[in-house]
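Below: the structure, in structure tokens.
The values are calculated or read from the model by the stated rules, or taken from the named source; none is laboratory data. Small disclaimer: the values here were computed from a predicted structure and weren't measured. Counting neighbours? That spans all protein chains shown, and the Cβs are built from the backbone with ideal geometry, glycine included.
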């Protein structure tokens, strides 16, 4: 049995099988609705239920409160239709990117390198073996299947380099104590020659074309997709102004500074601004504070007027950045693309 799902205000209709959520059904039929974690944590796919009933798979009440659910709000990545007809109002959508640019599918890749970047971050290099010609857009991510779980357990990581014709994927992974996947990246748990199954590409963060200034903001391992976007700009020898703000706790937590400088050198107007939140580094003479405040300041003072924005980091950083840019500096929400990263532990329902 399937349900008919209608989406306002874009006038799209899809079929949703009883064993899939609405977002999965949309993917299956080639639609690319705004989404993030796909685990009910990040709010990116929050929508409003106009007609019909749904049941929700486990989710975090930080993404959807009980009062919001009572008012009719829902999460497309968790919503399983209970009615034959369901009508959903999309609260966030990109009319220029409603269709998937690349099909979502399963693949296999071989590990080629595991490279330490900081005390708790590594770069994982993979060579795609299947499918041939795997493609993605800079800013997207894949799900890596945890070995030995038959794809039942997965972890999401963004590509940290722009697409290449030779099928190379680079991922920046933060190691967490007891992490099911990140723990494999130490003590030889995952080594060159090992293979990993993956699914993707997912994600809707992408850089808008044109000549407007670009504001890139990242925190922690959110540097991955932002680095891919910077690589895309560098490959195009972009002449538009580009500012990259990166937030870390300490100077020892700053990865890939030489690579960022090399990419920036290929742009005509580029600046990289690392921002430390911990005041314990006495020798640090750079920016301190919260990265979203430093990034918003260059918009507020006119240094970067009317920018397009791409940001990746923890939800509080993204929410604070978006609130200041839209509420104080008049940046339209449609000009802000983001990816809120969450940890697997956060997926446990409250």
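If you check residue 29 against the conditions, is it in contact with a strand residue (DSSP E or B) (Cβ under 7 Å, 6 or more places away or on another chain) and without any contact (Cβ under 8 Å) to a residue 40 or more places away in the chain? So residue 29 passes the test. Assess whether residue 243 counts as being at pLDDT 95 or above and either surrounded by fewer than 21 Cβ atoms within 10 Å (Cβ to Cβ) or in the same structural domain as residue 124 (by TED's automatic domain parsing) (or both). It is false that residue 243 is at pLDDT 95 or above and either surrounded by fewer than 21 Cβ atoms within 10 Å (Cβ to Cβ) or in the same structural domain as residue 124 (by TED's automatic domain parsing) (or both). Take the conditions (1) assigned to a loop (DSSP other than H, G, I, E, B); (2) in contact with a helix residue (DSSP H, G or I) (Cβ under 8 Å, 6 or more places away or on another chain); residue 271 misses just one of them, which is (1).
Within segment 1-92, considering only strands (runs of 3 or more DSSP E) that don't extend past its boundaries, which have at least 2 residues that are under 20 Å from the mean Cα position of the chain (by Cα)? First the steps, then the outcome.
Details: elements: 2-8, 12-17, 46-51, 54-56, 73-75, 79-81, 85-90.
So the answer is 46-51.
For every residue, the table says whether it meets (1) at pLDDT 95 or above; (2) surrounded by fewer than 21 Cβ atoms within 10 Å (Cβ to Cβ); (3) at positive phi.
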position: 158; (1), (2), (3): yes, no, no
position: 169; (1), (2), (3): yes, no, no
position: 181; (1), (2), (3): no, no, no
position: 186; (1), (2), (3): no, yes, no
position: 208; (1), (2), (3): no, yes, no
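Just so you know, in segment 290-308 the residues that are in contact with a helix residue (DSSP H, G or I) (Cβ under 6 Å, 6 or more places away or on another chain) and not in a loop (DSSP other than H, G, I, E, B) include one that is surrounded by the fewest Cβ atoms within 10 Å (Cβ to Cβ), and it is 308.
Residue-level analysis places residue 233 among those that are assigned by TED's automatic domain parsing to the domain that holds residue 314 and without any contact (Cβ under 8 Å) to a residue 40 or more places away in the chain. Could you tell me which residue of segment 288-316 is nearest to the chain's Cα centre (by Cα), considering only residues that are under 18 Å from residue 223 (Cβ atoms) and at pLDDT below 95? So the residue we want is 313.
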